[in-house]
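The next block holds one structure in the form of structure tokens; read it before the comments.
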Amino acid sequence: MPKIQTLAASLPGVSTQVLALRAELTQGAMRTVANLALPGRGVEILEGREALWAIVRRPGKGGLAVRAVHLAGGATSIKQRRADPGDALCLDIESAVGKQTVTFSCSAPDLAVLRIIVSLRPATRLLVPFLPRDLYPLGANDDPLRAEGRVEAAQRGLNTGVSFFHIDRPAFGSVLYFQNFTALSDYFLATETKPDGAVGGEWPEIGYLPPTPPQSGTPPTDPLPQGKDTILSDTLLVFHDDAACDEQDSALRFIQMLGAAYRQLDLPATEYRDWVARADRTLRDLDTAPEATIRHYGHRYAHPYTDAEYPDIMVQMSLITALRDYAVWRNEPIALEAEFVAGLGKFRDAKLQTMRRYLPNVGKDKDKNAVDSWYLYHPLLNLGRLATEGDTRSKRLFTSSLDYAIKAAHHFNYAWPIQFKVGDFSIIVEARNDDGLGQTDVGGIYAYVMLQAYELTNDDRYLNEARAAIDAAKDMRFELNYQANLTAWGASACMRLWRITNEEYYLRQSYVYLASFFHNSAIWESQIEAAKHYSNFLGVTCLHDAPYMAIYECFDSFIAFERYLKDSGPDLDSAARMLISEYCKYALHRAWFYYPDAIPADILSSEVRNGHIDRTLSFPLEDLYHDGQPAGQVGQEIYGAGAAFVFASRMFHPVSGESFQIFCDHFLMASERNGERSVSVRLDGGDGCMASLSLVRRGRTQLPTFTVYITEGDRIRPKRRADDRVDYAVPANGRVTITWKSAKEKA
């Protein structure tokens, strides 16, 4: 056995698994089972002493060892059987443990993808005390100790089981590892485990560490069932020839490779949601429920939670802008919006020339001078939205707060802490944890506010401020995300900067924000505990390290991405366009489950941090969990009530003079009335993806007979037809034409 002389000084050490693999490869002790081909790479399937390996090599540029199957005690037989269409190789493997089946598939529409799916039929009720990680970069001569590279991003908490890394020496390139947790539900349920941080590791032993029950003197005894096929892993590996690079190249590469993995998945179905009815219920409850509002100084204000917490400016502005959108959509004013607007002036501090978080009479249990950094700017964002739409009161409050907003940015040198005092900028909480980082993505929402100011005034001062804030976040890479919606607004600010300046740098910087956002997403559908009653697919944890998804961050990100897509054009990367569109599509489906009347009462938390939960009120819960913890532990959000107004006003489209409206779970980028009974709409989602389009009855008039065509002239048949609506599945990218005949014409 040769001495270990190539171990990099930076490595903390290596495990027995690394050394065992190194020895088998060095000694040539493995048996070749098959060979597969990927563009620019070869894949050799090898039988080792206790594993079936897939060795991916790039000639002269190193490789990657993937433990496809763990074989405790070795295999007794390996037989190849006829593969299903689309699969490159299928093997049945017998061992003392039972029968394992492994399928390999290779695809390369844009980027080379290797997929390995392994299932096990145990010979007996099988306890699983340990399974090793499955991924090892290889250097010269297939030596894992001679591979140099870096892991850029790995799984956070219960988000996507992803690892994004590059092997630099040898120059193998970049790899995105994706473990499809959706397929592993039976394993998690049988073993009572959760894939929390399961994809990660220390170089050169990375990849997936299957979760196993905690070991102790009396370990849990939750076995895999005898004689039942259980999927142990569903691994996707996406390859790119290029390796180390700057953060913009890295971010774009991550988005493209994540998009390639996404396209391989069997996606969960979505359901039509009547957001208009939900919005009407929410409006009624906001107006009439005593738990929703409170009066101060003769004005009406919204509570943040049901009958709890003091009114604050972020809550008021979030509801006001959502109500304004819904009023415009309904083409009639909403009295409650006007009531909320009337009290905004009491949040203004004339001395500091800014909007304060709380009203002057806030209780002594709150520090009236304390403000989270993002709370300073998010209300200005919504004031800016109303100001740019011509609202004079909002413009006055907005423009008069800009100097203070800039003063704060300069004081903190565009690197904001978690919380500070508005009077003197003294820091209350500096960092989110021991990494020393504060609210790292506040610069993005600040930049968007400055661009709103630039739009209103045409003053280059504000454009320069936006540039400075975005530039200050350079080299944050995958640490950029602090709070999901702030990151989404940062992406939108970059896109708008690109449109204003025509500098490609800002388009590319938008990918840095997107990469950080989708790094914190859960591209899997959980069935763990209470999660089986709702959807978490493509949900994003509200904070970079939060244990839950939150409704406010969900729909505020939705709004930001609407702006991003509408400001974009044909230069936007297709994978970025697809992932954003898919996020928004699943947000419409997933957000419904935040409402306590949409989920079983017995999965609601019995202990609530803020206020209480009332299932009769159409206000959403703040928190849902990937791992199925009780829902609503944080509380029932009144400030999240804007979700229904936002979704209804964006996704339902009345047709002038007709008794129906168009619902689509993608943004309509254009709409044209072609004739008396014909309308065309343009969708700009992901190529190869599908959108749901419904023609929904308004009132009680009988629906017409519809004919739906797509760009190629092909007629689309409905997937559901009922008295109240007709549902279609249409391509998410392209033009859709709808024609109709009235009931009289049908007769």
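Rule-based calculations on the coordinates, nothing more; no lab input. Not measured: the values here are computed from a predicted model. Please note: Cβ atoms are built from the backbone with ideal geometry, for glycine as well, and neighbour counts cover all protein chains shown.
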* To do: Mind checking region 554-616 for GluC sites (Glu not before Pro) that DSSP puts in a loop (not H, G, I, E or B) and that have at most 14 other Cβ atoms within 10 Å?
  => 607
* Give the peptides 514-524, 81-91, 199-209, 712-722 in descending order of average Cβ contacts within 10 Å, highest first. => 514-524, 199-209, 81-91, 712-722
* If each Cα of region 194-288 is one equal point scatterer, what is log10 of I(q)/I(0) from the Debye formula at q = 0.12, 0.15 Å⁻¹? -> -0.80, -0.93
* For region 382-506, what is the Kirkwood estimate of the hydrodynamic radius, computed as the reciprocal of the mean inverse distance between distinct Cα atoms, to one decimal in Å? -> 15.0 Å
* **About the Cα centre, charge dipole magnitude for region 655-746 (Lys/Arg +1, Asp/Glu -1 at Cβ), debye** => 480 debye
* For region 368-420, what ratio Rg/Rh do Cα atoms give with a Kirkwood hydrodynamic radius? -> 1.02
* All other residues with a Cβ under 14 Å from the Cβ of residue 463 taken together, and with Lys, Arg as +1 and Asp, Glu as -1, what is their net charge? -> -2
* Cubic angstrom per residue, convex hull over Cα atoms of region 551-642 -> 95 Å³
* To do: Just subtract the alpha-carbon distance of residue 245 and residue 189 from 0.36 nm times their residue separation and send over the number in nm, one decimal.
  => 16.1 nm
* Percent of Cα-Cα distances greater than 32 Å, calculated over region 275-649 -> 28 percent
* Summed residue charge, Cβ within 13 Å of residue 588's Cβ, Lys/Arg positive, Asp/Glu negative -> 0
* Provide 194, 566 in ascending order of the number of other Cβ atoms located within 10 Å of each residue's Cβ, fewest first. => 566, 194
* Gyration tensor verdict on the chain (Cα atoms; rounded if a/c is under 1.5, prolate if a/b is larger than b/c, oblate otherwise) -> prolate
* Structure fact -> Ranked on Cβ counts within 10 Å of their own Cβ, fewest leading, 736, 540 go 736, 540
* Roughly how compact is region 67-201, stated as its Cα Rg over 2.2 N^0.38 Å to two decimals? -> 1.16
* Asked: Between residue 27 and residue 141, 0.36 nm times their residue separation minus their Cα-Cα distance comes to what?
  -> 39.9 nm
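So between residue 272 and residue 110, what do we pick up on full extension, going 0.36 nm a residue minus the alpha carbon distance?
Once the chain is fully extended between residue 272 and residue 110, it gains 55.1 nm.
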* Positive minus negative residues near residue 123 (Lys, Arg vs Asp, Glu; Cβ under 12 Å) -> +3
* Asked: Under a point-charge model restricted to the Cβ atoms of Lys and Arg (+1) and Asp and Glu (-1), what is the dipole moment magnitude of the chain relative to its Cα centre, in debye to the nearest 20?
  -> 1300 debye
* To do: Please work out the Cα center distance from region 487-533 to region 423-462, rounded to the nearest Å.
  => 18 Å
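Which value, in debye to the nearest 20, describes the size of the charge dipole of region 17-244 about its Cα centre when Lys and Arg Cβ atoms bear +1, Asp and Glu Cβ atoms bear -1, and nothing else is charged? Intermediate results must be reported in sequence, preceding the final value.
Details: 22 positive and 25 negative charges, 72 e Å.
With only Lys, Arg, Asp and Glu charged at Cβ, the dipole is about 340 debye.
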* To do: Would you list the P(r) distribution for region 655-746, with all Cα-Cα distances sorted into 5 Å bins from 0 and each bin expressed as a whole %?
  => 3, 14, 26, 28, 18, 8, 2, 0
* Asked: Going by how many other beta carbons lie within 10 Å of each one, how would you line up 407, 351, 395, fewest first?
  -> 351, 407, 395
* Asked: In the structure displayed, which of 474/585; 346/474; 79/719; 532/566; 366/395 lie more than 32 Å apart, Cα to Cα?
  -> 346/474; 79/719; 532/566
* Structure fact -> When the charge dipole of the chain is computed with +1 at the Cβ of Lys and Arg and -1 at the Cβ of Asp and Glu, the Cα pointing farthest to the positive end, of 71, 363, 645, is that of 645
* Asked: What spacing in nm lies between the two simple spin-label points modelled at residue 672 and residue 715, each 7 Å away from Cα in the Cβ direction?
  -> 2.3 nm
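Take every Cα-Cα pair in region 17-244 and report what % of them are more than 28 Å apart. Intermediate values should be presented prior to the final figure.
Working: 6736 of 25878 pairs.
For region 17-244, the fraction of Cα-Cα distances above 28 Å is 26 percent.
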* **By average C-beta atoms within 10 angstrom, highest first, the peptides 157-165, 703-711** => 157-165, 703-711
* To do: Quickly work out the residue 72-to-residue 461 label distance, labels modelled 7 Å from Cα along the C-beta direction, and quote it in nm with one decimal.
  => 7.0 nm
* Select from the chain the helices, each a whole stretch of DSSP H, whose alpha-carbon atoms run 20 Å or more along the helix axis and whose Kyte-Doolittle mean is at least 0.5; answer none if there are none. => 313-330, 442-457
